[in-house]
Every structure is written in structure tokens, then in C-alpha cells.
1. Sorted by accessible area (1.4 Å probe), largest first, how do D109, D99, D21 line up?
2. Looking at the P(r) of the stretch 13-107, how many percent of alpha-carbon pairs lie beyond 17 Å?
3. What's the extension gain from F96 to K55 if we count 0.36 nm per residue and subtract their Cα-Cα distance?
4. Run the numbers for H71 and F36: contour at 0.36 nm per residue of separation, minus the present Cα-Cα distance, in nm.
5. Between L86 and T63, how many nm apart are label points set 7 Å from Cα along the C-beta direction?
6. Go ahead and run the numbers for FRET between L28 and K107, Cβ-Cβ distance against an R0 of 30 Å, rounding to 0.05.
7. Taking K51 as the anchor, which aspartates and glutamates have their alpha carbon closer than 17 Å to its alpha carbon, excluding any fewer than eight residues away along the same chain?
Amino acid sequence: MARTIYRLTLNKREHKEQVNDLKLYAHLIRQGDLVFDVGGNFGQKSRIFLKLGAKVVAFEPQTRCWEELLHRCGHHSQLTLVKQGLSDQRGVAKLFLRDHAGASSLKEDWYEPVKG
């Protein structure tokens, strides 16, 4: 509950992004569409897709992101959560975690933080 209050009242930036995303994706996603949220992170996009009536399959391998995604969207019957990353190859891979959760990747050199 405290997370929800924070997101809707104290975190004005996230709320504004959600409103803008709803406007953007409303032109692309219809009731009953199947949407894949690859790298579901904290569920920002999954929540938008669900609000638009889509069936969502969200993939998220990071535990802290997974827990927040589950908290935000796990109650929704149109959501399938998969606690895995995706690749173009079968097998097991190392996930390279970054301080910024959205920058974590299966590719070690994918992310270069801005210096200075």
C-alpha cells in the first residue's frame, strides 16, 4: 500500500510517464492483444499494457525487479510472469547486474555509464 501511495502521490514523474505511455500505447494495443514485456523491470510497461486490456507475458530475471513487478501487477489475471531472461540462444547465461536495474543485461559490455 505504501508503494502505491508513493507512486501515485509523491512520485509525480512516474505518474506523468504513465499518463503519457497510456496515450502512446492506446494507438497500438487493443483489448485482448498479446503483448510480451521483455525485461519487465518494475512493471511500468506491463501495467500500461494491462490497463489497455492486453494479455501480457512479462519476462524478468532480476530478483528485486521481479518482486516489484509481482507486487505491482501479480494480482492481474491477464498477466503471466516468467522469472527468466531471453536470448537468441538456448542455455544458461550470466546476467550482468548494474546499479541501474534497467541497464542489466546478458551482454557484459552492453552498458557504459555516462562519466563525469
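1. Final ranking, largest accessible area leading: D99, D109, D21.
2. Cα-Cα pairs of the stretch 13-107 separated by over 17 Å account for 51 percent.
3. Working: separation 41, 0.36 × 41 = 14.76 nm, distance 2.90 nm.
Result for the pair: 11.9 nm of gain on full extension.
4. My answer for the length gained is 10.7 nm.
5. 2.5 nm
6. 0.65
7. E14, E17, D21, D33, D37
The values are calculated or read from the model by the stated rules, or taken from the named source; none is laboratory data. It should be emphasised that the depicted structure is a prediction, and the values quoted were computed from it without experimental measurement. Cβ atoms come from the backbone with ideal geometry, glycine included; neighbour counts cover every protein chain shown. Accessible surface areas use protein heavy atoms only, side chains included; no ligands, DNA or RNA. Shrake-Rupley method; radii C 1.70, N 1.55, O 1.52, S 1.80 Å.
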